[in-house]
Amino acid sequence: MWFSSLDPIVRVLLIGPVAYVAMVAAIRFSGKRVLSKLNAFDMVVTVALGSLLATILTSSDLALVTGLVGIALLLAPQVVVSLFTSRLVKGRTVVRARPVLLVDRGAMLEDAIASSRLTRDEIFQAMRSSGFGGLDQVAAVCLESDGTLSVIGTSSAGDEEALAPLRGWADH
């Protein structure tokens, strides 16, 4: 009634811990990048790893070794891409989206907000979350490559070196 067969449960109990330890070891070996804030590439790999782990645990047709090879196959390109993007500027633009300036010295950049498929309300929410009550207090709001909104106050802008790479910032 509760179990159609005890054999699949025993398989999960035996294979589960091994697959889990192998997954954690592989992620640890591949570096901290896999666990960083996600860009599109990182998210695909993370979802695929979760799906693969579930398949290893639940499919009796899949040998443990085959699943472990699959884990390695997913993480190997992740390591290669992270090396590629960390060493070559062109590589970064292929894999990672460029940050987008949304507020420039207190002025909302409506075209940038629209092309990023955001709303003014979402910009205001990010400002409030960062402790700012008005646009006059904000030097910049940036949509980062990982999808987060960074808010830089006018008193925190410093020498603006972190803002210089943003398209449109240096035009002043």
> Taking R0 as 30 Å, what's the FRET efficiency between Val18 and Val79 from their Cβ-Cβ distance, rounded to 0.05?
Replying inline: 0.85
> By the scheme Lys and Arg +1, Asp and Glu -1, what is the net charge of all other residues having a beta-carbon under 13 Å from that of Ile123?
Replying inline: -1
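Could you state the accessible area per residue of segment 106-172 in Å², with a 1.4 Å probe and every protein chain left in place?
Roughly 60 Å² per residue, with all protein chains present.
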> Which value in nm describes the separation of the simple spin-label points at Arg87 and Asp7, placed 7 Å from the Cα toward the beta carbon?
Replying inline: 4.9
>> From the gyration tensor of the Cα coordinates in segment 63-160, what semi-axes in whole Å does the equivalent ellipsoid have, largest first, with each one equal to sqrt(5λ)?
In response: 37, 15, 13
> So how do Asp146, Asp159, Asp42 rank on accessible area, 1.4 Å probe, biggest first, that is with the largest at the start?
Replying inline: Asp159, Asp146, Asp42
> Stretch Arg98-Thr55 to full length: gain in nm at 0.36 nm per residue minus the Cα-Cα span?
Replying inline: 12.0 nm
>> Can you tell me what percent of all Cα-Cα pairs in segment 119-164 are more than 13 Å apart?
In response: 52
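The values are calculated or read from the model by the stated rules, or taken from the named source; none is laboratory data. The structure presented is a predicted model; accordingly, all values stated were derived computationally and were not measured. Ideal geometry is used to build each Cβ from the backbone, glycine not excepted, and the neighbour counts take in all protein chains shown. When the accessible area is computed, the model is the full protein with side chains, heavy atoms only, and any ligands, DNA or RNA have been set aside. Shrake-Rupley method; radii C 1.70, N 1.55, O 1.52, S 1.80 Å.
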